[in-house]
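Asker: I am attaching a structure below and will ask some questions about it afterwards.
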Amino acid sequence: MATSVLDHAGAVGIHAEKTGLWAWITTVDHKKIGILYGASAFIFFLIGGLEALIIRWQLMKPDNNFVTPEFYNQLFTMHGTTMIFLAVMPLSAMFFNFFIPLLIGARDVAFPRLNAFSFWVFLFGGLFLNSSFLFNAAPNGGWFGYANLSSKQYSPGLNMDFWAMGLQILGIASLAAGVNFFVTILNMRAPGMKLIRMPMFVWMSFITQLLVLLSFPVITVALILLMFDRLFGTNFFVPAGGGDTILWQHLFWVFGHPEVYILILPAFGIISEVLPVFSRKPLFGYTAMVFSGCFIAFLGFGVWSHHMFSTGMGPIADSVFSLATMLIAIPTGVKVFNWMGTTWGGSIQMKTPMYFALGFIAMFIMGGLSGVMHSSAPADLQQTDTYFVVAHFHYVLFGGSIFALVSGAYYWWPKMFGHMLDEGLGKVHFWLMLIGFNLTFFPMHIVGLEGMPRRVYTYPAGLGFESLNRLETIGSLILGFSFLVFIFNVIKSALSKVPAPADPWNGATLEWSIPSPPQEFNFPSIPTVHGRDPFWEEKRARGGKLPEPARVSGAGIHLPDPSYWPFLAAVGVLLLFIALMHHDSKFGPAYIFAAVSVLFFSIFNWVFEPFHEG
Amino acid sequence: MDAHALHPATSTGIPNRKLAIWTFIGSECLFFASLISVYLVYRGKSLVGPYPAEIFEIPLVTVGTALLLFSSLFVVLALNGCEQGNRKKFLGWLAMTILCGIFFIGMQVYEFTHFYHEGLTMQKNLFGASFFTLTGFHGTHVTIGVIWLISIFIEGVRGHVPPAKALNFEMSALYWHFVDVVWIVIFPVVYLMNK
């Protein structure tokens with residue numbers, strides 16, 4: 001693949017590790033891009049968390065006026081949008097970037113510059129969305145932007161323009177990354193790495209990319225129509241002009257339901273890597289895991305209307321979508337039983353990643369069960385728009401996705417940064433997070449069934465919501481504090497500089513066969529794979545633990561050159577959307593023309609840049 | 001296989017960029033499927049005219065459709081010429097493809113202007129909104145395709161697209177076919193089923 005002899009002088013110099021701002025801006029190294037994704041997404045995660053804490057502070061007591069109703073609308077909208085598009089998705093992208101090439105035995109992704117472009121567009125999209133706070137115009141119509149609440153008539157400010165355009169920018173980043181990783185996984189596998197031997201994280205990521213590729217175009221269209229309504233006065237979602245507001249819900253949820261699997265499937269993948277390693281057993285039911293993942297994704301496109309039972313679709317549609325939704329419990333159940341089967345009879349090592357992985361299984365089962373409750377249309381009609389729904393999706397998104405992402409962070413941290421996180425602090429983090437999480441979200445089931453509506457900035461005294469809401473707020477503070485422990489752990493381990501061995505956990509997959517952190521070229525020579533747990537098999541064949549792999553010179557290994565055109569093209573995308581915000585100003589057309597020029601100029605230079613794909 | 005000799009071996013044997021353009025096209029299918037669905041959902045739902053049957057000029061659009069269909073044949077011949085190293089065949093048919101594309105865009109610009117003078121705007125009714133959005137995005141795709149093909153043509157004239165680099169051209173050709181196929185759906189669904 002890439003061990004060809006270099007055809008120009010100064011070859012060794014190319015592989016000197018580069019640092020400094022310019023090196024990060026021009027990097028096309030999937031590992032650096034992964035770290036950029038992780039760092040940005042974690043900051044957005046903290047912002048989204050802060051928004052959640054303000055929400056909880058407001059709801060701590062009845063008739064509170066800590067924030068205004070208007071600001072409360074902005075808080076819950078930005079909290080949802082941030083956590084989904086700016087935290088969980090890019091945190092998964094961090095693992096895609098850093099680990100997919102390592103897990104399949106490749107030197108980089110298929111399109112390193114496109115990868116950089118995806119990251120910069122994502123970052124600019126996130127900054128664009130959050131910049132709305134500076135104009136006191138943060139999105140305020142919910143993360144689902146229901147028409148015609150989001151139309152010009154009911155949202156006259158710039159708020160929902162920021163939302164629609166911000167999501168459009170983020171969609172471009174996701175689609176570019178989707179194409180890139182789809183091709184990378186199909187085409188860049190090391191010799192012997194057949195599809196049915198791929199690590200489960202790679203499989204789940206592959207399915208996730210398919211979901212991204214097939215669902216994001218739909219939200220793109222929905223957002224285009226909304227933007228046309230808002231910017232140009234069309235009537236797509238304006239009932240007075242004949243428009244149908246329910247069409248928005250259909251388009252949104254045709255995207256929105258696959259989106260929840262985009263959020264959870266990478267988490268399934270991480271758990272399926274962590275559990276075998278800390279149980280010292282291969283993943284139980286590998287093939288069933290692959291096919292249940294495919295089945296979940298397939299069904300995921302046929303259940304969108306279970307978000308819309310309350311719109312009155314009629315008994316036939318309600319029944320079909322109820323049944324399809326219940327069906328999803330089967331492949332998901334298969335996964336849960338396989339995870340338990342993996343630990344069954346294993347030699348369990350209770351390290352921090354394992355704590356979070358086991359926590360994930362327990363919390364995710366609870367979220368899954370309340371999900372099955374929603375699949376029944378009559379029950380859902382009672383639960384719609386109550387805190388019961390909030391409890392459900394936090395159990396799957398926080399108890400599921402975030403627990404798994406944190407598990408992955410503790411598991412792969414030594415590989416990414418070359419030093420271990422502290423085990424003791426990690427366990428403190430786990431227990432605080434588990435307790436805080438359940439204190440925050442479990443009572444929401446109860447207040448939800450008692451009728452407390454979501455998205456309302458306060459509640460009157462005397463309805464029996466007070467004590468449980470106070471408990472939730474206390475829980476949320478514990479939850480927030482648990483992440484301070486994590487940050488402290490990160491800082492402590494960075495300062496202590498205790499070097500991590502290449503294989504601290506007795507790992508099964510290829511990334512543990514190379515030094516921590518990996519060298520720029522990943523593998524001195526591309527490995528050949530003979531089975532599903534290639535590194536375990538190699539260790540067994542060579543009689544147990546292997547000597548620490550040496551850091552070697554990369555001379556003769558051809559890597560892609562750094563490039564600043566992806567960054568500039570991403571700037572062009574950002575400028576285009578800023579220009580669209582000003583389309584009706586005096587210089588509107590000029591702004592748009594200038595932005596398109598920057599974009600085209602960057603793309604042409606990108607295409608014609610002498611560049612070796614490695 | 002000559003054309004792929006310069007590319008590193010991939011697990012599937014398909015060059016990365018070719019797989020990527022197919023993947024992108026797969027994703028674009030959902031984009032146009034959504035736009036066409038929106039058009040169909042709003043078919044016959046306009047509160048005021050002009051309505052489709054009053055305003056469409058089927059003969060003109062038929063000519064445009066034919067041009068686009070033939071351009072797909074031309075681009076195949078051009079790619080064949082490129083792969084054979086037959087410069088005349090490559091550039092000749094590519095020029096024909098580009099001309100067809102430009103005529104199609106011209107047809108659409110004329111049609112849009114005509115509709116505008118007839119009183120059909122995006123703001124007028126749901127037909128105007130969904131029609132201009134669907135065909136406008138298709139037209140944008142055609143325009144990007146024409147720019148892409150012109151870039152390939154200039155590179156070809158400069159001798160930068162030898163048979164070994166035919167994939168550079170093939171990617172734009174695949175995209176061009178896709179844009180054409182979308183129109184094959186739009187033409188009957190929008191223009192012929194116009195009641």
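Quick note: the coordinates plus some simple rules give every number you see, no bench work behind them. Here the structure is a predicted model, which is why all the values come from computation and not from measurement. All Cβ positions, glycine included, derive from the backbone under ideal geometry; neighbour counts span all protein chains shown.
Asker: Just the number, please: Stokes-Einstein D of the range A:296-355 in µm²/s, Kirkwood Rh from C-alpha pairs, 10 °C, 1.306 mPa s. Spell out each step's value before the answer.
Answerer: On the way: Rh = 14.1 Å.
Answer, rounded: 113 µm²/s.
Asker: Would you please give the residues with an amide H less than 5 Å from that of A:Thr386, counting only those at least 5 places away or on a separate chain, with H modeled from the backbone geometry?
Answerer: A:Arg454
Asker: Any chance you could list P(r) for the range A:44-121, counting all Cα-Cα pairs in 10 angstrom bins from zero, rounded to whole %?
Answerer: Taking every Cα pair in the range A:44-121, the percentages come to 17, 34, 21, 16, 10, 3.
Asker: Then there is this: Provide the per-residue ³J(HN,Hα) series for the range A:179-191, in order, calculated from phi with Karplus coefficients 6.51, -1.76, 1.60 and θ = phi - 60°, each as a whole number of Hz, with x at glycine and proline positions.
Answerer: Per-residue couplings from phi come out as 4, 4, 6, 4, 5, 4, 5, 6, 10, 9, 6, 5, x Hz.
Asker: Further, regarding this structure: Return the Rg/Rh ratio of the range A:398-522 with Cα-based radii and a Kirkwood Rh.
Answerer: Working: Rg = 19.7 Å, Rh = 17.0 Å.
Using Cα coordinates only, the ratio equals 1.16.
Asker: How high is the relative contact order of the range A:223-272, in percent, counting Cα pairs under 8 Å that sit 6 or more residues apart?
Answerer: 16
Asker: Right, next: Need one value for A:237-250: mean number of C-beta atoms belonging to other chains within 10 Å of its residues' C-beta atoms. Working shown, then result.
Answerer: On the way: counts 0, 2, 0, 1, 9, 9, 5, 5, 0, 1, 4, 0, 0, 4.
The shielding value for this peptide is 3.
Asker: Considering only C-alpha atoms, what is the centroid distance from the range B:71-93 to the range A:228-254, in Å?
Answerer: 44
Asker: When the Karplus curve 6.51 cos²θ - 1.76 cosθ + 1.60 is applied with θ = phi - 60°, which whole-Hz ³J(HN,Hα) does each residue of the range A:476-481 get, with x for Gly and Pro?
Answerer: Residue by residue, the range A:476-481 yields 5, 5, 4, 4, x, 4 Hz.
Asker: Using the scaling law 2.2 N^0.38 Å as the reference, what is the normalised Cα Rg of the range A:264-324? Write down the numbers at each step before the final one.
Answerer: Working: Rg = 16.7 Å, N = 61, 2.2 N^0.38 = 10.5 Å.
Rg over 2.2 N^0.38 Å, computed on Cα atoms: 1.59.
Asker: For a quick check: sort B:Leu94, A:Leu247, B:Leu47 by the number of other beta carbons within 10 angstrom, fewest at the front. All intermediate terms of the calculation are to be shown ahead of the outcome.
Answerer: On the way: B:Leu94 27, A:Leu247 18, B:Leu47 13.
Starting with the residue having the fewest Cβ neighbours, the order is B:Leu47, A:Leu247, B:Leu94.
Asker: Explain nothing, just the number: dipole magnitude of the range B:79-188 about its Cα centre with +1 on each Lys and Arg Cβ and -1 on each Asp and Glu Cβ, in debye rounded to the nearest 20. Intermediate values should be presented prior to the final figure.
Answerer: Details: 6 positive and 6 negative charges, 67 e Å.
It comes to approximately 320 debye.
Asker: I'd like the per residue volume of the convex hull spanned by the Cα atoms of the protein assembly as shown, given in cubic angstrom. Write out the running numbers ahead of the final one.
Answerer: Numbers: hull volume 131.6 nm³, N = 809.
Spelled out: Cα convex hull of the protein assembly as shown, divided by residues, is 163 Å³.
Asker: To continue, here is another question. Determine the principal axes of the Cα atoms in the range A:175-276, then give the extent along each, sorted from largest to smallest and rounded to whole angstroms.
Answerer: Largest to smallest, the principal-axis extents are 60, 26, 17 Å.
Asker: With every atom except the alpha carbons ignored, what do you get for Rg and Dmax of the range A:139-200, in angstroms?
Answerer: Final numbers for Rg and Dmax: 19.5, 59 Å.
Asker: Can I ask one more? What percent does the relative contact order of chain A come to when contacts are Cα pairs within less than 8 Å and at least six residues apart? Before the final figure, lay out each step's value.
Answerer: Values: 978 pairs, mean separation 118.3, N = 614.
Computed value for chain A: 19 percent relative contact order.
Asker: Compute from the Cα atoms of the range B:66-160 the Rg and the Dmax, the latter being the longest Cα-Cα distance, and quote both in angstrom.
Answerer: Expressed in Å, the Cα Rg and Dmax of the range B:66-160 come to 16.6, 52.
Asker: In whole Å, what are the extents of chain B along the principal axes defined by its C-alpha atoms, from largest to smallest?
Answerer: For chain B, the Cα extents along the three principal axes come out at 59, 35, 22 Å.
Asker: What residues have an amide H closer than 5 Å to that of A:His419, excluding those fewer than 5 places away on the same chain, when H is modeled at 1.01 Å from N in the peptide plane?
Answerer: A:Ala500
Asker: In whole Å, what is the distance between the alpha-carbon centres of the range A:396-460 and the range A:552-581?
Answerer: With the range A:396-460 and the range A:552-581 each reduced to a Cα centre, they are spaced 34 Å.
Asker: Can you tell me how the range A:455-614 classifies by the Cα gyration tensor, rounded, prolate or oblate, using a/c under 1.5 as the rounded cut? Let's see the in-between values first.
Answerer: Values: a/c = 2.97, a/b = 1.13, b/c = 2.63.
Because a/c hits 1.5 or more and a/b fails to exceed b/c, the range A:455-614 counts as oblate.
Asker: Okay, moving on. In peptide A:189-202, what is the residue-averaged number of other protein chain Cβ atoms found within 10 Å of each Cβ?
Answerer: On the way: counts 3, 1, 2, 0, 1, 1, 2, 0, 0, 0, 0, 0, 0, 0.
Neighbouring Cβ atoms belonging to other protein chains average 1 per residue here.
Asker: Give me the mean projected area, in nm² to one decimal, of the convex hull enclosing the Cα positions of the range A:317-461. Walk me through the numbers on the way to the answer.
Answerer: Numbers: hull surface 45.3 nm².
Over every viewing direction, the Cα hull of the range A:317-461 projects on average to 11.3 nm².
Asker: Please get the size of the charge dipole for the range A:504-601, origin at its Cα centre, with Cβ charges of +1 on Lys and Arg and -1 on Asp and Glu, quoted in debye to the nearest 20.
Answerer: On the way: 7 positive and 8 negative charges, 40 e Å.
About 200 debye.
Asker: Additional query: In what order do B:Cys100, B:Cys82, A:Cys294 fall by count of nearby beta-carbon atoms within 10 Å, going from fewest to most?
Answerer: If I rank by nearby Cβ atoms, fewest first, I get A:Cys294, B:Cys100, B:Cys82.
Asker: Measure up A:Lys31/A:Lys335; A:Lys194/A:Lys281; A:Lys335/B:Lys18; B:Lys89/B:Lys165; A:Lys335/A:Lys539 against 24 Å on the Cα-Cα distance and list the ones that go over. Don't jump to the answer; show the numbers that get you there.
Answerer: On the way: A:Lys31/A:Lys335 29 Å; A:Lys194/A:Lys281 21 Å; A:Lys335/B:Lys18 34 Å; B:Lys89/B:Lys165 16 Å; A:Lys335/A:Lys539 28 Å.
Over 24 Å Cα-Cα: A:Lys31/A:Lys335; A:Lys335/B:Lys18; A:Lys335/A:Lys539.
Asker: In Å and from the alpha-carbon atoms only, list the Rg and Dmax of the range A:409-454.
Answerer: 16.8, 50
Asker: Just report the Cα centroid separation between the range A:161-185 and the range B:114-164, whole Å.
Answerer: 22
Asker: Counting other beta carbons within 10 Å of each Cβ, put B:His177, A:His374 in order, fewest first. Please report the intermediate quantities before stating the final value.
Answerer: On the way: B:His177 16, A:His374 20.
Fewest-to-most Cβ neighbours within 10 Å comes out as B:His177, A:His374.
Asker: Within a 10 angstrom radius of each residue's Cβ in B:15-24, how many Cβ atoms of other chains show up on average? Whole number is fine. Working shown, then result.
Answerer: On the way: counts 4, 10, 4, 2, 7, 9, 2, 3, 11, 7.
So the per-residue partner count for this stretch is 6.
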